[in-house]
Structure formats: structure tokens, C-alpha cells
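First the structure, in the form of C-alpha cells, and then the observations on it.
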Amino acid sequence: MKKTIIPNVSFYECTNMLRNIYIHFMLRTDELVEQFAPEGWQNSPYFQFLNKTIEEHYDDYRYLQENCLLIVESDQEIPGKPGDYYRKLLDKTNYSLDEFIDHQEWFVAEPRQEFMVIFACACSFITNLSKCDAYSSSRDLRNQMGDVMIAISSTYEEIDRDFSKEETYIKYAVQLFFKRYEENGYCLLPFLELFFEACKKAGWDWMYLNRRICTYPSLIESLDVLSKTDPEDHEKYEMICATVDYHKQKLGFTDDYIPSKEEMLDRELAFGVPETVTAFKNVYGYYPENYPPKFSRD
């Protein structure tokens, strides 16, 4: 039977596939948390993905104390997060770090919830619903976050769980994950492998897409159009210049030098094998279609 290739399928098909996989794993979160964090969630490397260290919380507290900032009350509190904690401490005298640590019972981890958020975010790097990879721009990541929220919310509906009660926290956690991922580049390999194992059982395959390699031809085409456009035609010329700048920004080009195709491929290979590709090969035993990255024939 011919395998279904991600991301060649439609957005609907991909979202439907994600929902089915999320339902399967959401019903097994207790087992998976134990498997991924046998020494306890707070003692695992995954806890830091969505939680600050006590030292980071203390720095936030000191900043609020020194700047006399008020925390705005909200109708929807974020479960397990330190909003209430800070509000209580702001009325007290300055705490030392040791005194602050004595109050850390306010910081409550939500292992099952946090596991599913990390898993869903990791999956979004594979499905490429926004046609982006692990080196995505911030704009691409915002689209990616939207895809994650759609998939999670539809999963909640399928298992008759009220998404509205947890939407505020999940949105916060998804945003925090992508912010920290851009800053720290967390290892997602176990989550990616878990997803690919489910895909393999379902008969799905995956095609690697490299955003920069996909964008490069559009830049070259825009530059060619620009070279043939009369600068006196101000409106058209400025529009094409804006298109060129957009593609250059997506490619991370900060000057006028445009590398050749060969240089572009060398740059991509210099990044090393992406984690998504490593996870795929570990599960399927071969590299995905389109890896190593290459340009299509003209």
C-alpha cells in the first residue's frame, strides 16, 4: 500500500491525523510521564521546558519588588504558575533566596498537561503544517503555534474534555515552549521518535522540507524580475523590492551578497542533521524523502 506523505496532504488531513495521534497519547499520559521521567517530572530535563528555575523566579520577584510593579488581576488564572505567589510576596518584606525557596510549594507542576504540550509542539516540527522546519523564523513559529492550538483543541473535543478551562494555560505554555526552544534548542528526540512510531504504525511517511532551500528560488526569481523593472515605475519597483527584502529576511541574509546554490547547500549541511531527520531515521531505518536537502531541477 502506498504510504501517505506528510506534508503533501491537506491541512485538514494532517490536522485530523494529529488529532487521532494526540487522542491515543492523551489517554496514556500517566504511563508516558512515568516512562519519560522515572525519577519524577520535576527531576527530569523536560520540567525546565515549561518551568523557570527557582533562581529565575527569584530574579523576577526581586525585579517586581525593586520596580514596585503590580500584577494585573485576571479572571483566568494560569494553573501552577507564580502569579498568585508574587502577589502575596509583594506585600511582604524583601525575601532572601533561601526564604523564597521556602515558599516554592506554590510552584506546582502539571506533568500530564506539560507532557502533552511539549509533545504537540515537537510534532509541529514534523508535520510542517506551516511549511517550516526547526530553523523557522519567528513569524513561521507564530503560525506553528496556531497549528498546535487547533490540533489540541480538536483533540479535547473528541474526548469530551472542556478545552476552555485549560485554554489560557495551554496557550501560555505553547508560547513559552517556542520562546525557550528558540533560545535554548531543547532536545526533543524522544518526543519526535514517539510521534514517528505512531506514524509508522498508521502507514504514514514523512518528507523533509527545508525552509531556506524552498525560499531561495523565490528570491532569485524576484531579483531577476527586479533587474528587468524600470526604477521609474516607482510603485512596481518598490513592490518588488519589498518582495526581495521579505525573502532575504526569511533566508537570514543581512547584506547584498547572494550565495550560489552550491553555497546554500553547504550552509545547510553545516548545521548538521536536524533532530527531526535523526528521529525519523531511528524509527524508519532510512532518511526521509528530500534529505539531504537539494534543489529541484530547473
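Since every read-out is calculated from the coordinates, none of them should be taken as a lab result. Since the structure is predicted, the reported quantities are computational estimates derived from the model, not experimental observations. No Cβ is skipped: glycine too gets one built from the backbone with ideal geometry, and neighbour counts run over all protein chains shown.
Residue exposure proxy: 58, 172, ordered by other Cβ atoms within 10 angstrom of their Cβ from fewest to most, comes out as 172, 58.
In this structure, the residue pairs whose Cα-Cα separation is over 30 Å, taken from 248/294; 171/250; 52/294, are 52/294. Once divided by 2.2 N^0.38 Å, the Cα radius of gyration of the stretch 211-271 becomes 1.20.
When 23, 152 are sorted by how many other C-beta atoms sit within 10 angstrom of their C-beta, beginning with the fewest, the order is 23, 152. Taking the Cα centre of the stretch 211-271 as reference, the dipole from Cβ charges on Lys and Arg (+1) and Asp and Glu (-1) amounts to some 400 debye. Cβ crowding within 10 Å ranks 234, 247 as 234, 247, fewest other Cβ atoms first.
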